[in-house]
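Please treat every number below as a calculation from the coordinates, not as lab data. Since the structure is predicted, the reported quantities are computational estimates derived from the model, not experimental observations. Ideal geometry is used to build each Cβ from the backbone, glycine not excepted, and the neighbour counts take in all protein chains shown.
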Amino acid sequence: MHRRFAIFAFSLLLCLPAAAHADNAGSYVLTLKDGKFSPPNLTLPANRKVKLTVKNESAMPAEFESSDLDREQVVAAHDSITVYLGPLDAGVYGYFNDFDRKVSGKIEVK
Amino acid sequence: MLAALVIVFRETMEAGLVIGIVLAATKGIAGRGFWVGAGIAGGVCGASLVAAFTRELSHALAGLGQQIFSAAVLALAVVMRVGHNVWMSRHGREMAAKMKAVGADVVAGRCSFLALAVVVGVSVLREGSEVVLFLYGISLAGGNSAPSMLTGGAGGLALGAGMAALLYLGLLSIPTRHLFKVTSLLLALLAAGMAAQAAAFLQQAQVVNVLTRDIWNTSAFLSQGSIPGQALHTLIGYTDRPDGLQLIAYTATLSVIYVLMRLFGNPVPTPKTI
């Protein structure tokens, strides 16, 4: 029993590749200001890694959240966060500010 | 005001459910109030610290600070839960038997209580930091809406505590001889769900980037963003779009708990001299 578990755990470890390098990823910016994300329809390339910077230029903290992208990250007021995405399939992905849910936007991947 | 209530309720619900289960799991044991209270207090302190250092955390580790921190904290909770689960399977029966005596053997259980306090603390910390940040932001921004927003926030906190009380009372209605089986199972499912979430955070940080394809999508049927979906997410780790690694983390945690319980749990009853 012990040995079988050890082999299982070891093979799980082997599955883990080295940490991803984001250097060659394309960079994009999304800005939250005056209760709006801009650009409201951001276009990102499909099937490659993307580095998305979310800037919060409002006085309130915000949370960049997307169930489509499976992301949930807090952004302090007048601060920015980095969101690493992809490789993504083509399609439209919705996101919103979890601290103010009516503020939302879409990302088109193609 | 309603918006603030819903936001704070969403964040407190998860911690509330965990506290409800932990309280039920430690029913009738002397000293549990202290440990659970210590867990909550520690969690609130930690949450305030995390909220105060949100900026620093966001920029740490090349912008991956939040994810790595969440994954690490969740992993700690999983380890603690697994440890507690094994301990309970060993001592749950004798505790149930001693229930009417004045407290169970607390000394033997101290480590286990510490583990549960950490579990409670981690849940409060993770959800609480967002509540603190949100409410602090409102009071900083000031304006006419601030008082009503803060009232809404307080209402949300009260609702979250109400959820904890409801779950606790519901669990207490289970007969004592079954109670520890049920809470053990619930804690195991909680641990598995947290392990899956830790895996998701590592994927988000792209520390790990394997099996990223969604295995199924039940978001149309029960969205994880809805309140019932979120409650199930906390309780059994429901995820509307799990990827392969999340599923592996979930089943691996359950398997490890099962194997450990078979190995260490259910001790052969020692023959007692009459």
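Values computed for the structure shown
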item: Label zone at B:Ala38 (point 7 Å along Cα-to-Cβ), backbone N below 18 Å, the stretch B:114-152; result: B:114-125
item: Of the trypsin sites (Lys or Arg not before Pro) in the stretch B:134-229, those whose Cβ has at most 16 other Cβ within 10 Å and which sit in DSSP loop; result: B:Arg213
item: Efficiency of FRET from Cβ geometry, B:Leu247 and A:Glu108, R₀ 30 Å, rounded to 0.05; result: 0.55
item: Packing-based exposure ordering (other Cβ within 10 Å, fewest first) of B:His84, B:His233; result: B:His233, B:His84
item: Charge dipole (debye, nearest 20) of chain B; +1 at Cβ of Lys and Arg, -1 at Cβ of Asp and Glu; result: 1040 debye
item: Net dipole in debye of the stretch A:21-109 [+1 Lys, Arg Cβ; -1 Asp, Glu Cβ; about Cα centre; nearest 20]; result: 240 debye
item: Nearest-ten-degree value, helix B:244-264 long axis tilted from longest Cα axis of chain B; result: 20 degrees
item: Cα shape, the stretch B:2-264, gyration tensor, a/c 1.5 rule; result: oblate
item: Rounded tilt (10° steps) of B:65-98 against the dominant C-alpha axis of chain B; result: 30 degrees
item: Cα-based helix-to-principal-axis angle, B:2-25 vs chain B, degrees rounded to 10; result: 10 degrees
